[in-house]
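Enquirer: Following this message is one structure expressed as structure tokens.
The values are calculated or read from the model by the stated rules, or taken from the named source; none is laboratory data. Small disclaimer: the values here were computed from a predicted structure and weren't measured. Because the Cβ atoms are built from the backbone with ideal geometry, glycine has one as well, and the counts that use them run over all protein chains shown.
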């Protein structure tokens, strides 16, 4: 989620939802780790609306091998 006013409040509020595995806010962005974006997104938008927050852009990224490796090991892949 990009250009979110009140991102910290939204991230904290979303962390209680079952469909959200992880939520972080930094510099106007909220990054969520979810199993199924199509399931979580309506809840995310409803929660933002409930809190009176504005979300200008939503970007959905599928994990690739490098992001999975980084998540599991804490290290980036080397060339």
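Enquirer: Can you tell me how many residues within region 1-38 are touching a strand residue (DSSP E or B) at 6+ places or on another chain (Cβ under 8 Å) and either crowded, with 16+ Cβ neighbours inside 10 Å or not in a helix (DSSP H, G or I) (or both)? So that I can check it myself, show each step before the final result.
Expert: From region 1-38, those touching a strand residue (DSSP E or B) at 6+ places or on another chain (Cβ under 8 Å) are 1-4, 7-8, 10-12, 14-15, 19-25, 28-35; that's our starting set.
Still in the running and either crowded, with 16+ Cβ neighbours inside 10 Å or not in a helix (DSSP H, G or I) (or both): 1-4, 7, 10-11, 14-15, 19-25, 28-35.
Qualifying residue count, region 1-38: 24.
Enquirer: From 28, 7, grab the single residue that is touching a helix residue (DSSP H, G or I) at 6+ places or on another chain (Cβ under 7 Å) and in contact (Cβ under 8 Å) with a residue 12 or more places away in the chain. It would help to see each step written out before you state the result.
Expert: Values: 7 fails: touching a helix residue (DSSP H, G or I) at 6+ places or on another chain (Cβ under 7 Å).
It is 28.
Enquirer: Please go through region 39-74 and pick out each residue that is surrounded by 13 or more Cβ atoms within 10 Å (Cβ to Cβ), part of a helix (DSSP H, G or I) and either modelled with pLDDT of 90 or more or in contact with a helix residue (DSSP H, G or I) (Cβ under 9 Å, 6 or more places away or on another chain) (or both).
Expert: 40, 41, 43, 44, 45, 47, 48 - these are the residues of region 39-74 that are surrounded by 13 or more Cβ atoms within 10 Å (Cβ to Cβ), part of a helix (DSSP H, G or I) and either modelled with pLDDT of 90 or more or in contact with a helix residue (DSSP H, G or I) (Cβ under 9 Å, 6 or more places away or on another chain) (or both).
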